[in-house]
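Asker: Here it is, the structure, as structure tokens.
The values are calculated or read from the model by the stated rules, or taken from the named source; none is laboratory data. Since this is a predicted model, take the numbers as computed values, not measurements. Every residue, glycine among them, receives a Cβ derived from its backbone with ideal geometry; neighbour counts consider all protein chains shown. Calculation scope for accessible area: heavy atoms of the full protein, side chains included, ligands and nucleic acids excluded. Shrake-Rupley method; radii C 1.70, N 1.55, O 1.52, S 1.80 Å.
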Amino acid sequence: MDNNEYRLPGGNAEALLAADAVEVLQCNAGTAFDQLRDWHAARPGWLFGHFAYDLKNETEKLSSANADGLGFPDLCFFRPRYVLQLQNGQVQIQGENLTEEEARNIFEACGKEQEETWAALGGMLRARMDRSYYLESVRALKAHIRKGDCYEVNFCREQFMETTLHSPVTLFHRLNHLSPAPFAAYYKLNRRYLVCSSPERFLQKKGDRLISQPIKGTAKRSSDPALDAALQSELRNSAKEQSENVMIVDLVRNDLSRTAVQGSVRVEELFGIYTFPQVHHMISTVSATLDARFHFTDAIRHAFPMGSMTGAPKVRVMELIEHYEKTRRGLFSGAIGYITPGGDFDFNVVIRSILYNAENPYISFQTGSAITFYSDPEKEFDECQLKAKALMAALGVE
């Protein structure tokens, strides 16, 4: 996990590395959050892992039936043998009964790690929904909005290749070079991989303080400084983008309030504009104080899936997502991160990511946008393509 030296509110270590699973908890929706709570309580320590989007079937009475070429479990966490933290130019290495000499050997081995030469991919990049289906679906979702079923839907589209990826870690270096992000991550689970350049935090806990930082609002970048500044200003002052952002901020406030001390939910920053290599984003920061009556897993459960990747009202839009999308989201639009021995945690939103199943060679990425009453289907499709730009460049495909 690498924050690439971005300084968003609530920042932690510059980088974290966890390796060599001593124990693993892996399960699907049903009692996953309870199992995680009990597993952490049995032997508190560092845990690293993920929550997949389809845990919605545990938090609500929902189901998933779309195609899944990746096969990630709904929840997986592991206790690492080694944890490395980079902070202020210093590396701290932790491990059971680890001597200083062994720690130095680990550090030196990390420094010698070399990425492989990139090998061109075979096969064609395909999509489960073509452009015409996408546009038709956005029009249908707008009809649901006009009828009052919902008022914002995050709608996503998968692109995939059925081919072998020879070096996922090299792909991570390529993507992290093209699109460095504050919640970048490389994740290997047996023969399944995540290469992630996420700019978004789902939820963080420090002590009893919770922070969520939803992204809603995107503008392209320009190599012309004057035009780039104009695009940034246009995003900052866009009534449409502000409308989308505040809808999700309200949803996050409601989600956090379910486990927060009454009156503690605060919007720390509204409509903040942050610049990344490929895009400008509108990011808001919402905080709350976790009520002592609740376990830290309750805060995650009641906020999951994150509002920025669903829409509102949450349950109805998740039903619409299942109906109109053609791919099971799985780890995409879920969260990856860590839990500390004391029960603090930090999780990203799995977006701007490439996922790979090496057992049955399958490379996948999804991009999406927020559909509202004012959405132009053509522009929403263009936003999906803009978000896919760095992913396609990293893969070396068109």
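Asker: Does segment 148-187 come out rounded, prolate or oblate by the C-alpha gyration tensor, with a ≥ b ≥ c the root eigenvalues, rounded set by a/c under 1.5 and, if not, prolate when a/b is larger than b/c and oblate if not?
Answerer: Cα axes put segment 148-187 in the oblate bin.
Asker: Could you look at segment 261-343 and say what percent of its accessible area is carbon and sulfur, using a 1.4 Å probe and all protein chains?
Answerer: So the carbon and sulfur contribution to the accessible surface is 51 percent.
Asker: Cβ under 14 Å from Asp74's Cβ, Asp74 left aside: what net charge do those residues give with Lys, Arg +1 and Asp, Glu -1?
Answerer: So the surrounding residues net to 0.
Asker: Where Lys and Arg each count +1 and Asp and Glu each count -1, what net charge lies around Arg266 among other residues with Cβ under 12 Å from its Cβ?
Answerer: Counting the neighbours of Arg266, the net charge comes to 0.
Asker: Name the residues whose placed amide hydrogens come within less than 5 Å of the amide hydrogen of Val22, ignoring near sequence neighbours (fewer than 5 apart) on the same chain.
Answerer: Arg79, Arg81
Asker: Sticking with the crude label model, points 7 Å out along Cα→Cβ, report the distance from Asp68 to His323 in nm, one decimal please.
Answerer: Rounded to a tenth, the inter-label distance reads 2.2 nm.
Asker: Using a Förster distance of 41 Å, how high is the FRET efficiency between Arg258 and Tyr374, based on the Cβ-Cβ distance and rounded to 0.05?
Answerer: 0.90
Asker: With only alpha-carbon atoms in the gyration tensor, what are the semi-axes of the equivalent ellipsoid for segment 27-121, in Å, largest first?
Answerer: Sorted largest first and rounded, they come to 34, 22, 10 Å.
Asker: Let me ask something additional. Excluding Ser364 itself, what net charge comes from residues whose Cβ is under 14 Å from its Cβ, given Lys and Arg +1 and Asp and Glu -1?
Answerer: Result for the neighbourhood of Ser364: +3.
Asker: Taking a spot 7 Å from the Cα of Leu125 along the direction of its beta carbon, which residues of segment 367-390 have an amide N less than 12 Å from it?
Answerer: 367, 385-390
Asker: Also, I was wondering about something else. Roughly what percent of Cα-Cα pairs across the chain reach past 42 Å?
Answerer: Cα-Cα pairs in the chain separated by more than 42 Å: 8 percent.
Asker: Give me a comma-separated list of calculated 3J(HN,Hα) values for segment 164-172, in order, Karplus coefficients 6.51, -1.76, 1.60 applied at θ = phi - 60°, integers in Hz, x for any Gly or Pro.
Answerer: Working through the residues one at a time gives 8, 10, 6, 9, x, 5, 5, 4, 4 Hz.
Asker: Which FRET efficiency, nearest 0.05, do Lys240 and Glu60 yield, Cβ-Cβ r, R0 22 Å?
Answerer: It comes to 0.15.
Asker: Okay, moving on. Can you pull the one-decimal nm distance between simple spin-label points at Phe107 and Ala230, each 7 Å off the Cα toward Cβ?
Answerer: Using points 7 Å along Cα→Cβ, the separation is 5.1 nm.
Asker: Let me ask another. Taking a 18 Å limit on the Cα-Cα distance, which of the listed pairs Lys142/Lys387; Lys216/Lys314; Lys314/Lys379; Lys142/Lys240; Lys56/Lys387 fall beyond it?
Answerer: Table pairs above 18 Å Cα-Cα are Lys142/Lys387; Lys314/Lys379; Lys56/Lys387.
Asker: Return an integer: the convex hull volume of the alpha-carbon atoms of segment 140-278, in Å³ per residue.
Answerer: Dividing the Cα hull volume of segment 140-278 by its residues yields 196 Å³.
Asker: Let me ask something else about it. Might you tell me the accessible area per residue for the chain, computed with a 1.4 Å probe and given in Å²?
Answerer: 43
Asker: Rounded to the nearest 20 debye, what is the charge dipole size of the chain about its Cα centre when +1 sits on each Lys and Arg Cβ and -1 on each Asp and Glu Cβ?
Answerer: 780
Asker: Tell me the label-point distance for the pair Thr163, Trp118, using the 7 Å Cα-to-Cβ offset, in nm and rounded to one decimal.
Answerer: Label at Thr163, label at Trp118, 1.3 nm between them.
Asker: Another one. Between rounded, prolate and oblate, where does segment 221-311 land on the alpha carbon gyration tensor, with a ≥ b ≥ c its root eigenvalues, rounded for a/c under 1.5, else prolate if a/b exceeds b/c?
Answerer: prolate
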